[in-house]
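Taking it in order: structure first as structure tokens, then the write-up.
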Amino acid sequence: MILIEKLNQKLQSNLKSIDHESLNKTFVGYSNLYHESVFVKQFAKEQGCYTEEIVTRQMNDRMITTFSIDNKYILVLKDVEPRDISSTIDQNLTFKMGQVLGKFHMQIKPFPKIKIVRNQLDD
């Protein structure tokens, strides 16, 4: 069974794969389990999922749950209606945005297990 089928079974959903700037596999659809539209993001590493979960909990109430399937780490959020932005987001911009967010969480709002490479924050 492929990942999306397992997710649909677990979330009682009709997820569809979507493109996402983070380059992680992402899905969106209605979950009968949670009775709302969900945004699902798959991470290869537990640390990435953990970090995004903690950051999301600090910023808003979109967090629903996390779990693991086939050594992939799954984050389930309440879906929102995202808006396209006018500028192009490439891997360099995404990396820089991650650095700024990391710096914020190291200096302003830290949390346990945050993992930042120090020399990248000084740019």
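Structure above, values below:
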read-out: Spin-label pair residue 12/residue 104, simplified geometry with 7 Å Cα→Cβ offset, distance in nm; value: 3.5
read-out: Distance violations [Cα-Cα > 29 Å] among 10/103; 78/103; 16/72; 6/78; 6/103; value: 10/103; 6/103
read-out: Sequence of 46, 52 from largest to smallest accessible area, 1.4 Å probe; value: 46, 52
read-out: Cα gyration tensor shape for the range 34-100, rounded if a/c is under 1.5, else prolate or oblate; value: oblate
read-out: Net lengthening on full extension, residue 1/residue 45 (0.36 nm per residue, minus Cα-Cα); value: 13.7 nm
read-out: Net charge of Cβ neighbours under 9 Å - reference residue 75; Lys, Arg +1; Asp, Glu -1; value: -1
read-out: Virtual spin-label span in nm between residue 61 and residue 32, 7 Å along Cα→Cβ; value: 2.7
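The values are calculated or read from the model by the stated rules, or taken from the named source; none is laboratory data. Since the model is a prediction, treat every value here as computed from it, not as a measurement. Backbone-built Cβ (ideal geometry, glycine too); neighbour counts: all protein chains shown. All accessible areas refer to the heavy atoms of the entire protein, side chains included, with ligands and DNA or RNA removed. Shrake-Rupley method; radii C 1.70, N 1.55, O 1.52, S 1.80 Å.
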